1. Test Pro151 against the stated conditions and say whether it is closer than 19 Å to Asn220 by Cβ and not charged (D, E, K, R).
2. For segment 108-160, which fully contained helices (runs of 4 or more DSSP H) count at least 3 residues that are without any contact (Cβ under 8 Å) to a residue 60 or more places away in the chain?
3. What's the total number of residues in segment 312-346 that are among the hydroxyl-bearing types (Ser, Thr, Tyr), modelled with pLDDT of 80 or more and under 18 Å from Ala224 (Cβ atoms)?
4. For Ser67, only one of the following conditions fails: (1) more than 23 Å from the chain's Cα centre (by Cα); (2) part of a helix (DSSP H, G or I). What is its number?
5. Return yes when Ile195 is farther than 22 Å from Val62 by Cα and in contact with a strand residue (DSSP E or B) (Cβ under 9 Å, 6 or more places away or on another chain) and no when it is not.
6. Hey, among Asn150, Asn171, which residue is out of contact with any helix residue (DSSP H, G or I) (no Cβ under 8 Å at 6 or more places or on another chain) and surrounded by fewer than 24 Cβ atoms within 10 Å (Cβ to Cβ)?
Amino acid sequence: MNPHAKLLSTISLLLGTTITISSNHWMMAWTGLEINTLAIIPLISKSHHPRAIEAAIKYFLVQATASALLLFSSVSNAWATGQWDITQLTHPTSCLLLTIAIAMKLGLVPFHFWFPEVLQGSSMTTALLLSTMMKFPPITILYLTSHSLNPTLLTIMAITSTALGGWMGLNQTQIRKILAFSSISHMGWMTIILIYNPNLTLLTFYLYALMTATAFLSLNTIKALKLTTMMISWTKTPMLNATMMLTLLSLAGLPPLTGFLPKWLIIQELTKQEMTTAATIMAMLSLLGLFFYLRLAYYSTITLPPNSVSHMKQWYTNKTTNILIAPMTSMTALLLPLSPMILTTI
């Protein structure tokens, strides 16, 4: 990809995200989302592979539909109430349309089918952007409109997202698809608590973005795209494989790692809101995700392939790894003891 085009796309991504998260007017928020969509498409299709082109077209069609719904929602709300402020979304039909639009942008069930396919057609770096940075503007809009949305609808979408994200991830061998279903499952956790504690949704998103970015950067370093390549990746970067197991277990939400913190706080908050049934279901469904994270960790650190040593070509080379991986892995594993300090922010 042309360096100038890549620079333009990156700057546009930052600009679009900044416009959306800092705007109070619906038209400005919509403009930021459109800039984001148009900026990420060249990054998805940069390899010129048919699968990448297909992923870019799928992404464009879904995001264009979601943006049109969001625009229609804001216009109909302005028509009914005379308000263009994001926090003044009060018209019931507009609230429903907005929920559908944001669910499409985030990949929540039942609008999730595009997300694994798009991630599978993208490079690891682009998949990282799609899983983290591209979800920040829609999450911000949800945060600003949380008081207006239907709690029952959000709870149903959250539980089904966590369930399907876990179930559909069980049968995958492609790592990008596994992380896509993991993302859908995490979105369910963020959505279920949105109405009751929006700040906790933001905290969960920040920690999810940290853990997912660490996983993607580690996998990008060892060039592992499927489970079979993870088996022999330990010969290339033994230390990175060992720390990647911690990252994967943190994504699964195992104590005493960082990923346990948002799940613990969400279940605690749901219990306070007398939603013990929903809390129990979410806790049980997280076991599905735990299974495929454990499988990834097992493949990366414990399993040896059924081949002779001479057949294993990926020998260890002393190449430099991304400088961000070390501090991000440390935060992914060790933030739970700092939870009292983190809790003061929400």
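The values are calculated or read from the model by the stated rules, or taken from the named source; none is laboratory data. On a predicted model such as this, the values are computed, not experimentally measured, just so you know. Neighbour counts are summed over all protein chains in view; Cβ atoms, including those assigned to glycine, are modelled from backbone coordinates with ideal geometry.
1. Judged against the criteria, Pro151 is not a match.
2. Result: 136-145.
3. Of the residues in that region, 2 qualify.
4. Here Ser67 meets the rest and fails (1).
5. When the stated conditions are applied, Ile195 does not pass them.
6. The unique qualifying residue is Asn171.
Residue-by-condition table, conditions (1) without any contact (Cβ under 8 Å) to a residue 40 or more places away in the chain; (2) in a helix (DSSP H, G or I); (3) aliphatic (A, V, I, L, M):
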| position | (1), (2), (3) |
| --- | --- |
| Ser23 | no, no, no |
| Thr37 | yes, yes, no |
| His48 | yes, no, no |
| Ala52 | no, yes, yes |
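A quick yes/no check of all residues on (1) touching a helix residue (DSSP H, G or I) at 6+ places or on another chain (Cβ under 8 Å); (2) of a type in the set (S, T, N, Q); (3) modelled with pLDDT under 95:
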position: Asn2; (1), (2), (3): no, yes, yes
position: Met28; (1), (2), (3): yes, no, no
position: Lys58; (1), (2), (3): yes, no, no
position: Leu89; (1), (2), (3): yes, no, yes
position: Ile102; (1), (2), (3): yes, no, no
position: Val109; (1), (2), (3): yes, no, yes
position: His112; (1), (2), (3): yes, no, yes
